[in-house]
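Written below as structure tokens is the structure these notes are about.
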Amino acid sequence: MLNFSKLKNYKCLIIYPPNQLMDIETPRPDGSLGPLYLASALEKIGIEVDVLDASVGSKEFTLEETFHRRIRQGNGLIRIGMNFNEIADYVQKNNYKIVAISSNFTPQTNMALKTAEAIKEKNNEIKIFAGGINARNLLNRFLKTGNFDGICLSEGEIIFPKMILAVINNYSLAKIPGTASVDKNGKIITNPVDQSCFPKTLDDLQMPKWDSLPFEKYEKIASPHGVNVNDRGAERYAPIMTSRGCPFKCAYCHISEEKNNSAIFGDIGSLRTHSIERVIKEIDYLISLKVKKLFFEDDSLLAHKDRVKTIFKKVRNKKLSIANVNGVNLVHFFNTKNRDGWINGKFDIDTEYLEILKDSGFDQIVFPVESASKRILKLYATNKVNLDRMNLFSLMKTMSDIGIQAPVNMMIGFPDETEQEINLSIDFAKKLMDYGAPYVTFFIPIPFPGSSLYNIAINGDYLNKDFDPDKMNWKNPVMKNTTVKPERLIEIRDRANKEVNTKEHLKKRLINSAGHRFAEQIN
């Protein structure tokens, strides 16, 4: 029987680890929602919990000592934030007995591992756990270090409090569904998720603990998601999610394999939504925290159009600026059902929908074309962009005319993609710029652990099983034996950036990049 009375003797710290970046990447704080949901869930059962974004440091640290302190590491990457000994000292000084480390992004794997190592070296009695997409898909790497007492295998709001209660009461973690741990014989024990790991509805979850974010530091940095398209300068911003999951199963998606393996990971990828009332309540709470800009982190933000229209009509008078990060499927901007409205066999653009979004404060929406090759879209992107039916040039012009900035995401360098197919995407991107796109980002597909692309890469000898996670970056070709060789892909990508984007944008990227201060000059 789990005993809740011991909880008052335990303090928990949830850590966003320091960040390591390639020279050309734009530094930004973390502040993602997972740890904030987790903090609220722990507080609900009576555990005192704090959140530390190590990239900007605690209140005792200045930004000059953390975010603006760029350290070139032996791996060639630039580290920003608190160093590992400073984090360990902070944990010890504040008497935290439980530490949870967030690990969502594979290129940051070693930041999480080194954070845990430093804390354990300072005090081996501290219990350390990890969660996030990356941690659960690399659980063997994490647990074999000996520095982690358990890994959460899914969304953590229900699982992680049970993990802490089990540890406090000397109850076997292996008996908690949705966990991985090491037994006394050094064997890794995985207990798959079951229905007890998930809430019946998203509204059953506590609101994220936004008030634990270092808003003042974030405002000074003014780089929530890289280059600021609208040059608004410093303003208080926060992430929000109105839904979880996505109806598509793109091969490069970090959780695409989890969607195909519900026996272990549950129904994590299915599209689930908060009620409209809950969304408005969260937005009103953020306004009370003086937030001026919202970044929607949904994986499929604009699905269920009637619901979305209602939400943003209600938001219209709240004087917020709004942007999305990664959660748009372009098909949602079209009227796909009424054939009478189609023009020359193409879907009619839902201009009313776009105007509602703009009137509600949306000033930036990511435009994820992904590829101009129909074969690539079908093979790797679930056919979610129908180039025959969707006039994306007209859509871009409409969005631009309405006043919505739509930076384009394009992916080049899939394992069997030809140079001819890549050039189709580059030419398509050039034309989108002519129709109003502010800039185009060319991403190189990365076989992240947890994705179907990872299995394709391992089985097709495009990636070694002992791959270096430091290199798993969207801007870095990590696959070998691809149709277009990695060296050639870099040449094509760099040429495309210069040919497609404006000099002003490229200069802004360089000035804001992690390696700017290490560069001798800006061309």
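The values are calculated or read from the model by the stated rules, or taken from the named source; none is laboratory data. None of these values were measured; they are calculated from a predicted model. Heads up, the Cβs are rebuilt from the backbone with ideal geometry, glycines too, and the neighbour counts pull from every protein chain shown. The area values use the complete protein model at the heavy-atom level, side chains included, leaving out ligands, DNA and RNA. Shrake-Rupley method; radii C 1.70, N 1.55, O 1.52, S 1.80 Å.
Of the helices (runs of 4 or more DSSP H) lying entirely inside segment 239-338, those containing at least 2 residues that are charged (D, E, K, R) are 256-259, 276-288, 305-315.
Among the residues of segment 142-201 satisfying the criterion of being in contact (Cβ under 8 Å) with a residue 12 or more places away in the chain and of a type in the set (D, E), which is farthest from V49 (Cα to Cα)? Taking the candidates together, the pick is D194.
For (1) of a type in the set (S, T, N, Q); (2) touching a residue at least 60 places away in the same chain (Cβ under 8 Å), each residue gets a yes or a no:
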{"site": "Y10", "(1), (2)": "no, yes"}
{"site": "T26", "(1), (2)": "yes, yes"}
{"site": "G31", "(1), (2)": "no, yes"}
{"site": "P35", "(1), (2)": "no, yes"}
{"site": "A39", "(1), (2)": "no, yes"}
{"site": "E48", "(1), (2)": "no, no"}
{"site": "S55", "(1), (2)": "yes, no"}
{"site": "F105", "(1), (2)": "no, no"}
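No other residue among S360, S394 is in contact with a Leu (Cβ under 9 Å, 6 or more places away or on another chain) and in contact (Cβ under 8 Å) with a residue 40 or more places away in the chain apart from S360. When the residues of segment 227-238 are filtered to those that are of a type in the set (A, V, I, L, M) and in a loop (DSSP other than H, G, I, E, B), the one that is modelled with the highest pLDDT is A234.
Taken over segment 148-165, the criterion of being under 13 Å from I45 (Cα atoms) and not basic (K, R) is satisfied by E157, I158, I159, F160, P161, M163, I164, L165. Checked against (1) more than 20 Å from L202 (Cα to Cα); (2) free of Cβ contacts under 8 Å to residues at least 40 places away in the same chain; (3) among the polar types (S, T, N, Q), S256 passes all but a single condition, namely (2). The one condition from (1) open to solvent by less than 50 Å² (accessible area, probe 1.4 Å); (2) modelled with pLDDT of 95 or more that A519 does not meet is (2). Those residues that are open to solvent by less than 30 Å² (accessible area, probe 1.4 Å) and in contact with a helix residue (DSSP H, G or I) (Cβ under 8 Å, 6 or more places away or on another chain), I need them from segment 62-78; list them, please. Passing the criteria: L63, F67, L77, I78. Of the residues making up segment 72-94, just one is under 12 Å from M111 (Cβ atoms) and either more than 24 Å from the chain's Cα centre (by Cα) or without any contact (Cβ under 8 Å) to a residue 60 or more places away in the chain (or both), namely Q73.
If we scan segment 377-388, do we find a residue that is touching a residue at least 40 places away in the same chain (Cβ under 8 Å), touching a Cys at 6+ places or on another chain (Cβ under 9 Å) and farther than 23 Å from I492 by Cβ? Yes; the residues of segment 377-388 include at least one that is touching a residue at least 40 places away in the same chain (Cβ under 8 Å), touching a Cys at 6+ places or on another chain (Cβ under 9 Å) and farther than 23 Å from I492 by Cβ. Given the structure, is S243 crowded, with 17+ Cβ neighbours inside 10 Å and polar (S, T, N, Q)? Spelling it out, S243 is indeed crowded, with 17+ Cβ neighbours inside 10 Å and polar (S, T, N, Q). Taking into account only those residues within segment 371-417 that are surrounded by 22 or more Cβ atoms within 10 Å (Cβ to Cβ) and among the aromatic types (F, W, Y), which is farthest from W474 (Cα to Cα)? Among them, the one singled out is Y380. Inside segment 300-342, residues that are of a type in the set (S, T, N, Q), touching a helix residue (DSSP H, G or I) at 6+ places or on another chain (Cβ under 6 Å) and either at pLDDT 90 or above or within 16 Å of I240 (Cα to Cα) (or both) make up a count of 1. Would you check if Q364 is open to solvent by 40 Å² or more (accessible area, probe 1.4 Å) and touching a strand residue (DSSP E or B) at 6+ places or on another chain (Cβ under 7 Å)? In short, no.
When D30, D53 are checked against the criterion of being among the charged types (D, E, K, R), within 20 Å of R236 (Cβ to Cβ) and open to solvent by less than 10 Å² (accessible area, probe 1.4 Å), D53 stands alone in meeting it.
Can you find even one residue in segment 443-451 that is farther than 25 Å from K374 by Cβ and either in contact (Cβ under 8 Å) with a residue 60 or more places away in the chain or open to solvent by less than 60 Å² (accessible area, probe 1.4 Å) (or both)?
Checked segment 443-451: at least one residue is farther than 25 Å from K374 by Cβ and either in contact (Cβ under 8 Å) with a residue 60 or more places away in the chain or open to solvent by less than 60 Å² (accessible area, probe 1.4 Å) (or both).
Return yes when K11 is farther than 20 Å from P224 by Cα, touching a Phe, Trp or Tyr at 6+ places or on another chain (Cβ under 7 Å) and surrounded by fewer than 23 Cβ atoms within 10 Å (Cβ to Cβ) and no when it is not. Yes, satisfied. When D401 is tested against (1) more than 28 Å from F312 (Cα to Cα); (2) without any contact (Cβ under 8 Å) to a residue 60 or more places away in the chain, just one condition goes unmet, and that condition is (1). Exactly one residue out of K59, K97 is open to solvent by 30 Å² or more (accessible area, probe 1.4 Å), within 15 Å of I14 (Cα to Cα) and basic (K, R), and it is K97. Only one entry in N497, N476, N464, N501 is under 26 Å from I78 (Cα atoms) and open to solvent by less than 20 Å² (accessible area, probe 1.4 Å), namely N501.
Among the residues of segment 162-194, those that are more than 25 Å from K11 (Cβ to Cβ), out of contact with any Pro (no Cβ under 9 Å at 6 or more places or on another chain) and either polar (S, T, N, Q) or surrounded by 19 or more Cβ atoms within 10 Å (Cβ to Cβ) (or both) comprise N185, T190.
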